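The values are calculated or read from the model by the stated rules, or taken from the named source; none is laboratory data. What you see is a predicted model; the values in this text were computed from it and never measured. Neighbour counts run over all protein chains shown; Cβ positions are idealised from the backbone, glycine included.
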Amino acid sequence: MLAVCGHSTLEELYSQLPDEALLKRPLNIPAGISEYEITSYFQQRGQENASGYASFLGAGVYRHYRPVLCDVVVSRGEFLTSYTPYQAEMAQGTLMTIFEFQTMICQLTGMEVANASMYDASTAVPEAAMMAARITGRPRFLVASSVHPEYREVLDTYARNSRTQVATFGYDAATGECDLKDLDAKLDDHTACVIVQSPNFFGVIEKVSAAAELAHKRGALLVMLFSEAVSLGMLQPPKSADIVAGELQSFAISPSYGGPFAGIIATKEKFMRQIPGRLAGETTDAGGRRAYCLTLSTREQHIRREKATSNICTNQALIALLATVFMSVYGKQGLRELAEQNLAKAHYLAGALDRRFTGKFFNEFVVRTNGKSPGQINGALENQRIIGGLDLARFYPELRGCMLVCATEMSRREDMDALIQAVRA
Amino acid sequence: MIRKVRSHINQNETLLFEQSSPGKRAYQLPALDVPPVDAASVLGSDARTEIEDFPEVSEVEVIRHFTRLSTWNYGIDLGLFPLGSCTMKYNPRINEVVAREPGLAWAHPYQPESLSQGCMEVLALLEEYLCEIFGMDAVTLQPAAGAHGEFTGIMLIRSYLESQGNPRKKVLCPDSAHGTNPATAIIAGYEVENIKSNEKGMVDVEALAKAVNEDVAALMLTNPNTVGVFEEQILTIASILHEKGAQIYMDGANMNALVGISRPGDFGVDVMHSNLHKTFSTPHGGGGPGSGPVGVRKHLEPFLPGPRLKKAGGGWTWDYDRPKSIGRVRAFYGNFGVLVRALAYIMAHGGPGLRNATLDALLTANYVRARLEPYYQIAYQAPSMHECVFSDDRQAAKGVRTGDIAKRLLDYGFHPYTVSFPMIVRGALMIEPTETEPKQELDLFCDALISIAGEIEENPQLVLKAPHGTRTSRVDEVTAARKPVVRWRRNETASKAAD
């Protein structure tokens, strides 16, 4: 091969590089190791973590059972090792699954259009906000303080660099719902959108339509977020929202220390051309047969460059496929039944504990730890190989002595009883 | 003539929604061990009654559906995938196995640090290795993909320049840049100015010198650039920028051409990203997930997104006290599962193996170039690194363009090269074979393109109407964009469902 290239050594292949740019020593990385050694290394790292613990952590990352078929499908090389389906004739498989994904997200959210996925919810939030800014021509985002604190941090980062402003409105200290009065007072004619999350960070179900009504009255859009996708199996779809952004981690996606996940953005048909990211559409081939392709790409960076709706390029196709298989396995009845189990488990747990907020909840809620610190309770649980709740003082200093607890279909009654014991003891 | 493939029966398949009927199910939940709760009674009007038209199918239908669809796809596991700039190298399966290690896959980002040391050690080791490979002083693993890394990098530059008194106004992008570069600069609040390339496909240094002034925050440079050529004047370019207090951002999409032979930190780059789904072999998965770590020189380190890993006692802790940080760019700590795969890749190769991989990538690209040069017009005479770019000039004379040649390649059993990019090359064919291709596969691919060149001479219609052998013939993208149908609706598409 070298001879065909007209070279006699491999080093000649980069002889055009200036001498000062060359690395003249070997990389300081140990020599390669075998598959067996690599597996052992990562097994050991896994064992240094909370391997095999029960957990009541939620807060944007939920423990749900992953049906076996999910991994079987995404492990197929034809999906795993394929590229973004720009060459439609050779990627109908990926394209059709994206089309199904988009459809299922619309069915779940009550929206008319959904894109092929975003990185995760935290980055879908600023993308949704910027979309609202483009639609309304306004620069200000009004976000509920009951939205996931890390999503808000990401929004702040994006806004700081894009000549937009973020303002926050509070939550009702009794119900844990966002404070609609505060929202109404802070809405102005520069507000592009109001951003609420439901269930919110405290697990409380928000009054989304009431917030939407207030936003619409001032010409702003309503962006509804969700971080617990299973809740959509049981809660009214947020039809009053203009944009829905959310996280699909609950749909077969491993917690995996925080990623990779898959975010979504869905909206009304009239805003379709402002949606960021990839979209698959249905069309026909030269023989008149049904076919799919990526479409409306004139919104995107590879065509529009500096005029694109977003700089996003890569999405989360394989993770979105995982979620699609999950939705297919559970289906209409299964997602409902799954949501019912979550509801039942969380309400069993909550029934024995002192809830901080009175608002309605799905599978997550805030508990008063009454006299003990969340740290003490969690410490006691750790000895029983149980990870307790999230100490809310970390994000909300006013909620000292409170922790956020989540129960899913994977929470066993005996572990819930142990948690109840630890809080009450 | 077509040696790689022959036709083969594959299954038709309808949308899952069209197979749905009430009562079919593919799941089984355990018996509830707590009393059931009536949704309507606790949720009231917030409870939904049903998810309209959501599918109801059986387990065997689910597996068949997705398996059938998978056979309509092409992947690296089936053969050469020569997309230029995309680096479609083999994705080792060991990486998939270790990412599913239960202690890692089930790790919750908020579980106590004392019970997360394994994850943190993985992240710390990957940061260390990437610093060494990039020649950078610090790396953040938070960005979720390449474009997200670019965004992080430009914000770092903005914050740094702000701390120097003036964030400046403009970002320069060569006209050969990836579309994400200018799109990123705009989202990060800068104006974009394009810089022309010279006749060698490299940055025109004189034009650059004229453009650089105190308004310029940074140059976003891909090196090797998108025509697969190393920017030989890189040290001069760096000093032009640095003399005026501007920064160099390197788009590391093509870092796989440099690993072990040259380090961006050593040739003047201030900040860069690398796509782990390119250089470090994590699967593209039909378009993600990716990961776009960003490396910086020391002066930019205080601005990196928080939290940062810090050694404390015998273990790791997350340091949130980062007053100069640009803030978070993503929740939690990055696409951890992708980072695990990249670390496994680095460990499998080791330092010497990584360098060998680079040399093999240069070899395969130059081999393909040498074999195809008699038949296709090379875009620039400058030596190729990891990819080679041709123009369709000779074929265009017969009315056949790069997009047509790409479609004809499908008939030969190959995924096409990158079509019509970079934009500075008329009718570009951008080919990146990667180091993991055997010579036999490379030869089949070159033979295919040579054969197509012959077909264009003899029977251009054959190529213009391609593909002929795929289950789906040329797709009507124009109608798709004109009348977008982006979701299934009951009854709407039934007429075409016969497929």
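Computed quantities for the displayed model
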item	result
Test: residue in region A:292-303 that is in contact (Cβ under 8 Å) with a residue 12 or more places away in the chain, basic (Lys, Arg), in the same structural domain as A:Gln236 (by TED's automatic domain parsing) and under 30 Å from B:Ala147 (Cβ atoms)	yes
Out of B:Pro307, B:Pro323, B:Pro352, B:Pro374, sole residue that is on the phi < 0 side of the Ramachandran plot, surrounded by fewer than 23 Cβ atoms within 10 Å (Cβ to Cβ), facing chain A (nearest Cβ under 7 Å) and not hydroxyl-bearing (Ser, Thr, Tyr)	B:Pro352
Which listed residue is more than 30 Å from B:Val227 (Cβ to Cβ), in the same structural domain as B:Gly314 (by TED's automatic domain parsing) and in contact with a Leu (Cβ under 8 Å, 6 or more places away or on another chain), from B:Val57, B:Val62, B:Val98, B:Val42	B:Val98
Residue in region B:246-264 that is more than 15 Å from B:Thr222 (Cβ to Cβ), away from every other protein chain (no Cβ under 12 Å) and in a loop (DSSP other than H, G, I, E, B) present	yes
Residue in region B:420-438 that is more than 12 Å from chain A (Cβ to nearest Cβ), under 28 Å from A:Val4 (Cβ atoms) and of a type in the set (Asp, Glu) present	no
Within region B:297-403, strands (runs of 3 or more DSSP E) holding 1 or more residues that are within 23 Å of the chain's Cα centre (by Cα)	B:388-391
Selection count, region A:23-51, where residues are more than 17 Å from B:Asn356 (Cβ to Cβ) and either touching a residue at least 24 places away in the same chain (Cβ under 8 Å) or of a type in the set (Ser, Thr, Tyr) (or both)	6
Any chance A:Thr283 is in contact with a Phe, Trp or Tyr (Cβ under 8 Å, 6 or more places away or on another chain), facing chain B (nearest Cβ under 7 Å), over 25 Å from A:Ile253 (Cα atoms) and crowded, with 19+ Cβ neighbours inside 10 Å	yes
Identity of the residue in region B:71-84, crowded, with 21+ Cβ neighbours inside 10 Å and within 7 Å of chain A (Cβ to nearest Cβ), that ends up farthest from A:Leu322 (Cα to Cα)	B:Leu83
Top-ranked residue in region A:1-54 [being among the hydroxyl-bearing types (Ser, Thr, Tyr) and touching a helix residue (DSSP H, G or I) at 6+ places or on another chain (Cβ under 9 Å); ranked as farthest from the other protein chains (Cβ to nearest Cβ)]	A:Ser8
Leading residue by the ranking (farthest from A:Ser254 (Cα to Cα)) among those in region A:312-350 that are facing chain B (nearest Cβ under 7 Å) and of a type in the set (Lys, Arg)	A:Lys332
Single match in A:Gly371, A:Gly375 (criterion: assigned to a loop (DSSP other than H, G, I, E, B), more than 9 Å from chain B (Cβ to nearest Cβ), small (Gly, Ala, Ser) and surrounded by fewer than 18 Cβ atoms within 10 Å (Cβ to Cβ))	A:Gly371
Members of region B:185-197 that are more than 13 Å from chain A (Cβ to nearest Cβ) and not small (Gly, Ala, Ser)	B:Ile195, B:Lys196
Subset of region B:162-181 [part of a loop (DSSP other than H, G, I, E, B), surrounded by fewer than 23 Cβ atoms within 10 Å (Cβ to Cβ) and within 12 Å of chain A (Cβ to nearest Cβ)]	B:Pro167, B:Asp175, B:Gly179
Selection count, region B:455-488, where residues are surrounded by fewer than 16 Cβ atoms within 10 Å (Cβ to Cβ) and without any contact (Cβ under 8 Å) to a residue 12 or more places away in the chain	7
Count of region B:355-371 residues which are facing chain A (nearest Cβ under 7 Å) and touching a Cys at 6+ places or on another chain (Cβ under 6 Å)	4
Helices (runs of 4 or more DSSP H) wholly inside region A:100-186 containing at least 3 residues that are over 15 Å from the mean Cα position of the chain (by Cα) and within 20 Å of A:Ser240 (Cα to Cα)	A:121-136, A:180-186
Condition check for A:Ala245: assigned to a strand (DSSP E or B), buried (at least 24 other Cβ atoms within 10 Å of the Cβ) and facing another protein chain (nearest Cβ under 9 Å)	no
Identity of the residue in region A:367-418, out of contact with any helix residue (DSSP H, G or I) (no Cβ under 8 Å at 6 or more places or on another chain) and at positive phi, that ends up modelled with the lowest pLDDT	A:Gly371
Contacts under 6 angstrom Cβ, first residue in region B:186-205 being in the same structural domain as B:Ile234 (by TED's automatic domain parsing) and among the polar types (S, T, N, Q), partner modelled with pLDDT of 95 or more and assigned to a loop (DSSP other than H, G, I, E, B), 6 or more apart	B:Asn198/B:Asp204
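A quick yes/no check of all residues on (1) in a loop (DSSP other than H, G, I, E, B); (2) more than 9 Å from chain A (Cβ to nearest Cβ); (3) of a type in the set (A, V, I, L, M, F, W, C):
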| position | (1), (2), (3) |
| --- | --- |
| B:Leu130 | no, yes, yes |
| B:Phe151 | no, no, yes |
| B:Tyr160 | no, yes, no |
| B:Ala183 | no, no, yes |
| B:Glu199 | yes, yes, no |
